[in-house]
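A short worksheet on the structure shown next.
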Amino acid sequence: MNDIRPIRAKSGTNQEGTSAHNRRVMIDALRLNGSLSRADLSRATKLTKQTVSNIIEELEGDGLVVSLSAVRKGRGQPSTPYRLVPEGAFAIGLQIDRYVTRAAAVNLVGTVLVRAEANLPLDGPARGVKVILDLIEGVRKELAVLSAQSEKRLVGLGVAMPGPFGLEAPEDDPWMMAAWQNFPLLETLAAGTGLDVGLQNDAAASATAERMVGAAHGLDNAVCLYLGYGIGAGLILNGELYAGANGNAGEIGMVLSPPGSKGKERQTLEHRASFASLYQHMGFDPADPMLRQKLTVAVETADPLLRDWIEAAGVDLRWSVQIIETIFDPETVILCGSAPEPLARRLIEAMHPLLPSIAERRTRRLPRLQLGMTDPWAVALGAAAEPISRAFDPRFSAILKTRTNSLA
């Protein structure tokens, strides 16, 4: 009997000068499906069998793919499945938040192998960057104990921090983290680690994590509504993370409220519905290491202050989902962030019923709104996944780069 399971994969191209893209397509297909034979890969990616065979041999030689035991399907010849080698590549992700920094090391398939965190000094990056470099060095040493090849196979360092980027703001502005943004952070980290360094905002990093191992896994169009100190949206469009012209795409927290009654001041969404507004409403210190536990207790005891905030925030967040659906037409909106899971679930309940939108259709396969990761390490994971994605995921830029080089 034939195996007719659907295979999730992007299409490659058999035109000349596109080998880099085809390698990425094959790696992505194996990442999404676990293991596939050469025939499966050829059928799913629309590449010729010879092209698939050539790329598989290259990937095996590079230590990225390994063959498994042959499998017989029906009466046909046995086929050999292939899977990714988790130790084929590693990356480190770094989250920089207002009071804490977290670093995580992942392998090619997104498994977290090492993680560590440290408190950041309140006087800014001049001393804080030393804390960060020491943290990264410690993670690399632990990773080297787990894999002797890790240093040779580190593809980069991904950094995530709150945006927006490149805007003028006072250095003591608690929303913008302007002191860190004005500091030569990427250059300092690159010099201190010897790694290629990339930067994205925390919402984009959260979306990257969801795409690799979370609710957006295998989806081409999804938006992650990220709730942290502020609010952002990570945009996965046509299978790629969309950053915008200045890395500020998805800054939905800065959307102004609709005009209200005369004399009523308009506020940004994050001033009304972010966790910064919750901390202020509850009288909590955002730097308190017991903050998550206190929020969980407040949910479990039905604290009336928390209940009032959830009710008001649910109205605003319901409105934000309708905006996201209208503009981006995603397959689903994923609520994620640093909240404890019980609080996140209460927020989703408060956001229902969702407002009417173009997303309402009988043929929907996924819910309009669903819960994603509520792990405080998700941003660091997404930051680590970004260098893996940059090196191995199918991207239109890979085709352009290869074609440009072939014409030079």
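The values are calculated or read from the model by the stated rules, or taken from the named source; none is laboratory data. All values derive from a computational prediction rather than experimental measurement. Here the Cβ positions follow ideal geometry from the backbone for every residue, glycine too, while neighbour counts run over all protein chains shown. The accessibility values were calculated without ligands, DNA or RNA, using every heavy atom of the protein model including side chains. Shrake-Rupley method; radii C 1.70, N 1.55, O 1.52, S 1.80 Å.
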With Cα atoms, 0 to 90° folded angle of helix 19-33 axis to the chain main axis: 70 degrees
If Lys and Arg each add +1 and Asp and Glu each add -1, what is the summed charge of the other residues whose beta carbon sits under 12 Å from the beta carbon of Arg102? -3
Please check: in the Gaussian network model of the chain (C-alpha springs, under 10 Å), which one of Leu381, Leu122, Leu36 has the largest mean-square fluctuation. Leu122
State the antiparallel share, in %, of DSSP beta bridges confined to the range 64-204, rounding to the nearest 5. 65 percent
I'd like the orientation of helix 125-146 relative to the chain: the angle between its Cα long axis and the longest Cα principal axis, in ° from 0 to 90, rounded to 10. 40 degrees
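Given the convex hull of the Cα atoms of the range 160-300, what is a quarter of its surface area in nm²? Display every interim value, and only then the final one.
On the way: hull surface 47.0 nm².
Averaged projected hull area, Cα only: 11.8 nm².
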Cα→Cβ-extended label distance, 7 Å offset, between Gln293 and Thr188, nm: 3.2 nm
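Which percentage, to the nearest 5, of the DSSP beta bridges contained in the chain is antiparallel? Kindly include the intermediate steps, with their values, before the conclusion.
On the way: 31 of 50 bridges.
Restricted to the chain, the bridges split so that about 60 percent are antiparallel.
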Cross-link reach from Lys49 to aspartates and glutamates, straight Cα distance under 12 Å and at least 8 residues apart if same chain, gives Asp40
Would you mind checking the tilt of helix 396-407 against the longest principal axis of the Cα atoms of the chain, expressed as 0 to 90 degrees and rounded to 10? 50 degrees
Which of rounded, prolate or oblate describes the range 313-393 when judged by the alpha-carbon gyration tensor and an a/c cut-off of 1.5? oblate
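Please report, in debye to the nearest 20, how large the charge dipole of the range 247-328 is about its Cα centre when each Lys and Arg carries +1 at its beta carbon and each Asp and Glu carries -1 there.
On the way: 8 positive and 11 negative charges, 50 e Å.
Here the size comes out at about 240 debye.
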Among Ala126, Asn33, Leu305 the positive-end extreme of the charge dipole of the chain (Cβ point charges): Asn33
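Is the shape of the range 167-219 rounded, prolate or oblate, going by the alpha carbon gyration tensor and its root eigenvalues a ≥ b ≥ c, with a/c under 1.5 for rounded and a/b larger than b/c for prolate?
Working: a/c = 4.14, a/b = 1.45, b/c = 2.86.
Taking the square roots of the gyration eigenvalues as a ≥ b ≥ c, the range 167-219 is oblate.
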Sum of side-chain charges, Gly228 neighbourhood, beta-carbon under 11 Å (Lys, Arg +1; Asp, Glu -1): -2
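At 1.4 Å probe radius, can you tell me the per residue accessible area of the chain in Å²? The partial results should precede the final answer.
On the way: 19510 Å² over 408 residues.
Here the per-residue accessible area is 48 Å².
Can you bin the range 345-387 into rounded, prolate or oblate? Criterion: square roots of the alpha carbon gyration tensor eigenvalues sorted a ≥ b ≥ c, rounded for a/c under 1.5, prolate for a/b above b/c, oblate for the rest.
Numbers: a/c = 3.57, a/b = 1.80, b/c = 1.98.
Judged from the Cα gyration tensor, the range 345-387 comes out oblate (a/c at least 1.5, b/c at or above a/b).
Ignoring ligands, DNA and RNA, what percent of the accessible area of the range 185-249 is carbon or sulfur (1.4 Å)? Mind dumping the intermediate values first?
Details: 990 of 2140 Å².
Answer for the range 185-249 is 46 percent, counting heavy atoms of protein chains only.
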For Glu168 and Leu366, FRET efficiency with R0 = 41 Å and r from the beta-carbon atoms, rounded to 0.05? 0.55
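Quick one: with all protein chains in place, what share of the accessible area of the range 33-180 is carbon or sulfur, to the nearest percent (1.4 Å probe)? Don't skip to the answer; put the middle values down first.
Working: 3540 of 7030 Å².
Answer for the range 33-180 is 50 percent, counting heavy atoms of protein chains only.
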Hull surface divided by four, with the convex hull built on the Cα atoms of the chain: how many nm²? 23.7 nm²
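What is the sum of charges, Lys and Arg at +1 and Asp and Glu at -1, for the other residues whose Cβ falls under 9 Å from the Cβ of Ala350? Don't skip to the answer; put the middle values down first.
Numbers: positive: Arg318, Arg346; negative: Glu311, Glu349.
Spelling it out: positives minus negatives among the neighbours equals 0.
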Kindly list the residues of the range 144-173 that lie in the label zone of Ile327, defined by a backbone N under 20 Å from the point 7 Å along the Cα-to-C-beta vector. 161-168
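Tell me, what is the FRET efficiency for Gln267 and Ser69 to the nearest 0.05, using R0 = 60 angstrom and their Cβ-Cβ distance as r?
On the way: r = 61 Å, r/R0 = 1.01.
Calculated transfer efficiency: 0.50.
So if we plug the beta-carbon distance of Ile348 and Gln50 into 1/(1 + (r/R0)^6) with R0 = 45 Å, what FRET efficiency do we get, rounded to 0.05? Please list the in-between numbers first.
Numbers: r = 49 Å, r/R0 = 1.10.
Computed FRET efficiency for Ile348 and Gln50: 0.35.
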Taking the Cα centre of the chain as the origin and placing charges on Cβ (Lys, Arg +1; Asp, Glu -1), which of Leu235, Thr363, Ile334 is farthest toward the positive end of the dipole? Thr363
Peptides 209-217, 247-255: what's the order by average Cβ count within 10 Å, highest mean first? 209-217, 247-255
Contour minus Cα-Cα distance for Glu341 and His281 (0.36 nm per residue): 19.6 nm
Checking the cross-link filter: which aspartates and glutamates have an alpha carbon closer than 14 Å to that of Lys130, excluding same-chain neighbours under 8 positions apart? Glu117, Glu187
Answer check: the range 25-89, Cα atoms, Kirkwood Rh, Rg/Rh ratio of 0.95
